[in-house]
Each structure stands twice: as C-alpha cells, then as structure tokens.
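These notes concern the structure reproduced below.
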Amino acid sequence: MFDAVHSRVMGLMSSRRPLFQHGNVLLAEPTSSIIVDIGMNFGRLSVCAEDEPYLWRGRFSRRRWICKCECGKLTSVREDMLKNGRTSSCGCFRNDQTADRFTLHGGKRSTMRLPEYQAWQTLLHRNSSELICANWCLPNGEGFSNFFRDIGKRPTPKHRLVRVNAKEPFSPANCLWSDQIPRRGVPRRSIRIRNVEMTLREAAAQFGVPYAVLCRRLQRGWCAERAVQPLVVA
C-alpha cells in the first residue's frame, strides 16, 4: 500500500505538477494557472467556501469548492472543472439550453404555457384559417411570434382577447386585450340567408342544423351561408 502511494507521489513530482497539503491528504494542483478563491465567479457560479477534497480510489484527490448558482442553488464543484470551464452552473444552464431547443418561440415550455400562447392556440382551434390573419397562422413558431408582436402581453389575468368587429377577421387592427368580456350567448336573433330574413330557430329547422351548433358557428364568426350547412357524418 505504501509503495503504491509512494509511486503515485513520485509520478506526480516527476511530471512537475505542484503538490499541496489538505489535512492528511496530498493534493495535486491542476496544470492551469487559474487560481480559484472565495468570491470568484465561473459562469453562473460564485465560489462561497472550500469543500472536502474529491477522492479518487482513496489515493488521489482534487480540491472542491462550494458554489452558489445564479438560480440560488448551492453545489459542490471540483476545482479543475471550474478552471477548464466544464462546469459553469448547478445544471440549470443545461436545462435552459434543452428547453430552448424544444421551444421555438418562448411561448411554451413543457406543460407550462404563457397566457398569450394559450389565447393564440384557442384562436387557431376555434376559428377557420380564412378568419385569421395569415401572419398568425404561419408554422414553426412564426405565427405566435407575429401574434405576440402585434397584440403584446396580456395586461392582467382578467383580460381576454376580443375582436372589435365580429364581421371582420382576426387581425392586429381588429383584436385587442379587454377586461370587458362580451356576454356569452346567441350573437343575434335573426340572420339573412339568400335575401330572406329568418330567426335562428327557423334557420336551424329549415336547414337541418342543430340550434346550438348554429349559435356556436355564428359566435365563431362564420358567415350565415356557411353556418347553416348541415353536419357531415363520416
């Protein structure tokens, strides 16, 4: 056992790597000339105090430091990992990079969604593409980026995205955040089809469309001619 340790020490000395003592453990200083000390910053990490040395097979050791990350978490890092830049955070930097690779526009991360992103998704799912600004329907995250740029951040949780003119498409000039939510229900009592004025119930009965379906279609901005089209059952 003594011979093995002696051989290891002699090998370190022959390689001209400086040695220093930490308690009863002989430590090998990395070849880097960077000096690690309390108060220094390495990436997101700030050195707070020296930790117990890192042991390798009970014979070889490196210094370790307790560091505080920008996210608030404390972590113990080997000194050589700080010097060569391989460790620059508690792991949150890697997590952020992974999240950014899977998030094209910043509106959604995992199961978390921004309220603006949710409003944009609802807009796309509840309305046909011809009723929405073309720039808001672009793929690969461009649609949401354009939507967020045009509409902006939702002022408060009470605000909802509304269309100023129900007869016009959803567009930057016709949409805004409002805390005055319009009353839900039938948008109007009657509609005109082929120059004939009739009530919603009369139109539903005449064209064979459920009354509730007709009301929902009109609420979504469908024109009268399209709204009375019968349901297609596959």
Computed on Cα atoms only, the convex hull of the range 116-234 has an orientation-averaged projected area in nm² of 8.7 nm²
Mean Cα-pair separation over length for the range 119-234, i.e. relative contact order, pairs under 8 Å, 6 or more apart, %: 19 percent
Accessible surface, the range 124-234, averaged per residue in Å² (probe 1.4 Å): 68 Å²
Would you list which lysines come within 30 Å of Lys167, measuring only between C-alpha atoms, while excluding same-chain residues fewer than 8 positions from it? Lys153, Lys158
For the range 120-184: relative contact order, % (alpha-carbon pairs under 8 angstrom, 6 or more apart): 29 percent
In the range 113-162, which trypsin sites (Lys or Arg not before Pro) are in a loop and have at most 13 other Cβ atoms within 10 Å, using DSSP for the loop call? Lys153, Lys158
Filtered hits (lysines, Cα-Cα < 23 Å from Lys83, offset >= 8 within chain) -> Lys68, Lys73
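The values are calculated or read from the model by the stated rules, or taken from the named source; none is laboratory data. All values derive from a computational prediction rather than experimental measurement. With ideal geometry, Cβ positions are generated from the backbone for all residues, glycine too; neighbour counts draw on all protein chains shown. The area values use the complete protein model at the heavy-atom level, side chains included, leaving out ligands, DNA and RNA. Shrake-Rupley method; radii C 1.70, N 1.55, O 1.52, S 1.80 Å.
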